[in-house]
Amino acid sequence: MKILFLANRIPYPPFRGDKLKIYNLTRRLQEGNELYLIAFVEHQSEMQYKAELDTIFQEVHLVYQPKWKSWFNAAINFLGAQPFQLAYFRSTKMANILNSFLESHEIDVIHTQHLRMSQYTSHIKSYPRILDLPDAYSLYWKRRKEVKRPWYNRIFDSLESGRVIEAEKVVYKYDLNLVCSVEDRDHLLEVHPGAQVDLLRNGVDLETFTYNQHDYSRAQTLLFTGNMDYAPNVDGVVYFVEELFHQIKSTYPNIRFVIAGQRPVKQVLDLAADDVEITGFVEDISAMYEQADVVIAPLRFGAGTQNKVLEAMAMGVPVVCTDIGFKGLEIESGEGVFHAQNGEHFVHHVCALLGSEELRRKTGQKGLELARNKFSWDGISRQLMAHFVSVTNLR
């Protein structure tokens, strides 16, 4: 099958969610298929990664759009109706390259990644098309505006939330829309009844995140991972340090908290202390999981499933997380991940894990089993291939 992938970011190096998914899926789909990629890059230096992608795709077309231009697009859209997220990725060059590609190639199906890129393919009716959201974006913004934050954040969140719901109606124009969890699917169908929506779970690369006889005897390090300029991650670690960490410290005074992730903003850097370490970019994030005793995900807004949770499960490390990151897993609390419904529950579950080597071992091993059986990219890539076949058979 000849498949065109349209991505909002170059899927290499696979250091963040939207890059991870495309890279891991296409790496497995390349055998027996002809894959093509058109994607944005923000920095000229990213052009060097084309050589790596050329080993996966028949052709790679990278569209350079510097950040200043994207921010300019978003700024002039202030009084417009388009969500800032879509305006940010608006590009005449991208539209022209896509149109030229389709005129010169025979393609069986188009895979469009994220609502941000729907502006380029929603009007195309001559090809079967899938929109991979990957989560319900309107759910993300709904939750974001419900969190108590500064007034200027709340104004922006309310404005963007309304625009996203309107823009999300584009789901009716696609043969199929994919989200990563039942929770996201149900929300999308509630907001846009009658849309064609199915599941494509997030996965974890078991080759990168390989279980290596985790040491459950330790109880001294809590770990949070993620891109530390991403609003839900920033809010989550600030909330944890300012409101929850001291409660855990009162029972376990020697515990330390490690925040591992690239591009930490000032709010995150300001959290640094003797017992709070900010690592910045980490080349081998799997090594951080090996050193951790409990992984935490105290997110207060977001949607979908969280890579940090899946990666920890694959490494056999027990996790405590809020609704964000848990509900999308479709598992019971304690099956690798403890579900904390509020701050009090979060502290309770972390302390329970720190206080019992047996509980850490039991929880971590159950998570490892689920990661292998339910969240492997191998199985998920086969599901995506089945979706491609189903939409092409509809034509």
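Here are the numbers for this structure:
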| quantity | calculated |
| --- | --- |
| Selected from 47, 94, 313 as most flexible by GNM, with the chain as the system and alpha-carbon contacts under 10 Å | 47 |
| Distance between the range 40-105 and the range 140-184 - C-alpha centres, whole angstrom | 22 |
| Alpha-carbon centroid distance for the pair the range 234-264 / the range 328-395, whole angstrom | 23 |
| Nonlocal amide H pairs with residue 114, under 5 Å, H built at 1.01 Å | 132, 133 |
| Tensor-based shape of the range 324-363 (alpha-carbon gyration tensor, a/c under 1.5 rounded, otherwise prolate or oblate) | oblate |
| Gaussian network model of the chain, Cα within-10 Å springs - most flexible of 68, 151, 141 | 151 |
| Extension gain, residue 393 back to residue 48 (0.36 nm per residue minus Cα-Cα distance, nm) | 120.4 nm |
| In Hz, Karplus ³J(HN,Hα) per residue of the range 258-271 (6.51, -1.76, 1.60; θ = phi - 60°; x = Gly, Pro) | 10, 10, 10, x, 6, 6, x, 7, 4, 4, 6, 4, 5, 7 |
| Spacing of the two label points (7 Å from each Cα toward its C-beta) at residue 356 and residue 266, in nm | 4.4 |
| Extension reserve of the residue 287-residue 155 stretch, reckoned as 0.36 nm per residue once the Cα distance is removed | 43.5 nm |
| For residue 323, net neighbour charge (Lys/Arg +1, Asp/Glu -1) across residues whose Cβ lies under 12 Å away | +1 |
| Helix-only CD estimate at 222 nm, as mean residue ellipticity for the chain, using -39500 (n - 2.57) per DSSP H run (n ≥ 4) | -12500 deg cm²/dmol |
| Cα gyration tensor shape for the range 101-251, rounded if a/c is under 1.5, else prolate or oblate | oblate |
| Ranked 201, 263, criterion: other C-beta atoms within 10 Å, fewest first | 263, 201 |
| 29 Å Cα-Cα threshold exceeded, pairs from 148/173; 2/374; 93/308; 173/308 | 148/173; 93/308; 173/308 |
| Surrounding net charge for residue 249, when Lys and Arg each add one and Asp and Glu each subtract one, Cβ distance under 14 Å | -3 |
| Full-stretch length increase - residue 166, residue 386 - with 0.36 nm per residue and alpha-carbon distance subtracted | 76.2 nm |
| Range in the chain, longest, excluding exposed GluC sites (Glu not before Pro) [loop by DSSP; at most 12 other beta-carbon atoms within 10 Å] | 107-206 |
| Overall Cα dimensions of the chain, principal axis frame, Å, largest first | 65, 47, 43 |
| Gyration tensor verdict on the range 221-374 (Cα atoms; rounded if a/c is under 1.5, prolate if a/b is larger than b/c, oblate otherwise) | rounded |
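Read-outs throughout are calculated quantities, based only on the coordinates presented, and are distinct from any laboratory measurement. Please read all numbers here as calculations on a predicted model, not as lab measurements. Note: ideal-geometry Cβ built from the backbone for every residue, glycine included; neighbour counts use all protein chains shown.
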